Amino acid sequence: MGEAFRLDEDARRQIDKHLDSIDEALRNADMSRSERQNILDDVETQIVEMLAARTQGNPTVDDVKAVIAELDPPESYAAAPEGSQARGLDSGSRGTAHGRWTLDKVALACSIGGVVVTVLLALIGRFVLGGAATTPCFLLALEATGLILGIATWHRPLGKAAAILSACILILVIVYMGLASA
Amino acid sequence: MRAWIAQVRKGLVELCIMAALRKGEAYGYELLQALSNAEGLAVTESTVYPILSRLTKEGWVRVRAAPSPAGPPRRYYRLTPFGLARLRQMEEYWKDIEESTNALIEGGTE
């Protein structure tokens, strides 16, 4: 709390009670802890600013109750309009509200995975199989997949990163293969 | 009728939030007040803050905390470059469907 704004214990408890109810509603809506905390911080700021506008610095419990009465009830957060709303442009790339593996993530995994797998194969070939030659098939396949998925999800940051990374790696491999065969 | 209005509004709030952030950063309550003035949109905090939280999580906006004259720090939201690009896509899409819808409403059959 800031210096210029003081809440007595009862007023603070009233605000915390409201925030706890919202937190519970958000938890029931399967929202992550960090997202819930962001929302609670914004609600708290709003409550305090409404109190500051309403009083001259020392709000009472009644002031807090009056401000909270102006706000949405905690249950309205459980209705979670977020889960189904405003996802039109991205619905194809997002399985659930908290989807773990979306196309852009798969694209980036392919981009990075291609390099990792190739390095591992090269190490295995050299140290385990006694210098057997490795082919860049895995690398080319994974990077091509990363590039295609990255382009398909270009509007998302990870998709864009995957497409650029895969394109760079593919160019390098093709140039290397050209030089090696020359 | 009420259910239909709610459905239409839901899809537009995210676009409006991002459009409001195009002018520069704003903290949650400030943004809420700006959007509340938009006639017909009728947004409240239980709609706006969860969307801001998700937009942050997905990288379309970023947040910085700054001291407030009263109470806890204000959390200022700003569009990231990716968010700005996405906003442009959303606006293009909105203009397309707006034209098509208006044409149908006005009975403009080809």
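List of remarks:
- Residue under evaluation residue B:5, criteria (1) more than 12 Å from every other protein chain (Cβ to nearest Cβ); (2) modelled with pLDDT of 90 or more; (3) not in a strand (DSSP E or B), criterion not met: (2)
- Residues in the range B:27-60 that are closer than 20 Å to residue B:85 by Cβ and in a loop (DSSP other than H, G, I, E, B): B:58, B:59, B:60.
- Some residue of the range B:9-18 being more than 10 Å from chain A (Cβ to nearest Cβ) and basic (Lys, Arg): no
- Count of residues meeting criterion [over 19 Å from residue B:68 (Cβ atoms) and either surrounded by 14 or more Cβ atoms within 10 Å (Cβ to Cβ) or β-branched (Val, Ile, Thr) (or both)] in the range A:25-51: 8
- Scanning the range B:86-110 for residues that are at pLDDT 95 or above and farther than 16 Å from residue B:12 by Cα yields a count of 0.
- Matching residues in the range B:51-84 - criterion: being facing chain A (nearest Cβ under 7 Å) and over 30 Å from residue A:6 (Cβ atoms): B:51, B:54, B:56, B:57, B:59, B:82
- Of B:59, B:71, all but one fail to be in contact with a helix residue (DSSP H, G or I) (Cβ under 6 Å, 6 or more places away or on another chain), buried (at least 19 other Cβ atoms within 10 Å of the Cβ) and at positive phi; the exception is B:71.
The values are calculated or read from the model by the stated rules, or taken from the named source; none is laboratory data. Just so we're clear, the structure is a prediction, and the values are computed from it rather than from any experiment. Cβ atoms come from the backbone with ideal geometry, glycine included; neighbour counts cover every protein chain shown.
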